[in-house]
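J.: Take a look at the following structure, please.
Laboratory data are not the source of any read-out in this text; all were calculated from the coordinates shown. As the structure is a prediction and not an experimental result, all values here were calculated from the model. Using ideal geometry, Cβ is built from the backbone for each residue, glycine included, and neighbour counts are taken over all protein chains shown.
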Amino acid sequence: MAEQKKGDWRQLLKQLNTHIEALHHVATHDEKTGLYNSLFFRDLFEEELRRVRRKGYFSVVIADIDFFKKINDTYGHIVADKLLKKVADVLHCALRDYDILSRFGGEEFFILLPSTKLRGAGIIAERLRKAILKDKMLAKHNVTISLGVAEYKKRDNYQKLSHRADKALYVAKKQGRNRVALTK
């Protein structure tokens with residue numbers, strides 16, 4: 001009888017752990033893309049910020065799918081969601097193992113590039129842009145992205161750094177889209 005109760009408790013504990021893992025995934029990941037969501041990304045950003053303030057550097061990239069509303073209007077939400085997921089997959093595959101990619105909202109992605117200075121981040125951003133262009137499914141639907149890049153400066157916080165990256169993204173859009181813009 002005692003062995004049966006012990007087994008029951010083990011089974012319950014295993015089920016509980018499975019549910020906890022599932023809840024954690026739902027709380028930290030975007031439903032459509034499977035990427036980290038913006039709330040969890042912000043936690044990871046703050047962790048990187050604490051690490052870098054001691055010694056180091058990093059950069060961020062904001063990527064935005066060009067004319068996504070037009071894609072939605074032309075192909076419908078189901079196809080647009082598939083294209084959004086495909087963009088997420090292509091970006092994820094083109095990044096280094098330790099880079100952190102999240103869905104920022106709508107059709108925007110936020111990328112944290114640890115131990116990467118602005119010039120290197122620009123090279124990575126250009127690689128991401130080209131990876132989107134090379135994908136056959138995305139090319140079929142004329143999907144391109146614009147990217148804004150910024151490097152961490154002393155005393156930066158999330159708002160300041162993301163604002164600079166967003167300003168660079170705006171420059172890329174203003175210059176014709178499907179390009180990378182860097183800001184200091």
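J.: Cross-link list Lys86/Lys117; Lys86/Lys140; Lys82/Lys140; Lys117/Lys174; Lys85/Lys140; Lys82/Lys174: which exceed 21 angstrom alpha carbon to alpha carbon?
T.: Violating the 21 Å limit, Cα to Cα: Lys86/Lys117; Lys117/Lys174; Lys82/Lys174.
J.: Specify whether the C-alpha gyration tensor of the stretch 126-184 places it in the rounded, prolate or oblate class, a ≥ b ≥ c being the square roots of the eigenvalues: rounded for a/c under 1.5, otherwise prolate if a/b is larger than b/c and oblate if not. Each step should come with its number before you reach the end.
T.: On the way: a/c = 3.20, a/b = 2.37, b/c = 1.35.
Since a/c reaches 1.5 and a/b is larger than b/c, the shape of the stretch 126-184 is classed as prolate.
J.: Right, next: What order, most packed first, do the peptides 168-175, 10-17 have when packing is the mean number of other Cβ atoms within 10 Å of each residue?
T.: 168-175, 10-17
J.: Decide, for the stretch 18-145, between rounded, prolate and oblate: order the square roots of the alpha carbon gyration tensor eigenvalues as a ≥ b ≥ c, take rounded if a/c falls under 1.5, and otherwise choose prolate if a/b is larger than b/c, else oblate. Don't skip to the answer; put the middle values down first.
T.: Working: a/c = 2.36, a/b = 1.30, b/c = 1.82.
Here the stretch 18-145 falls in the oblate category.
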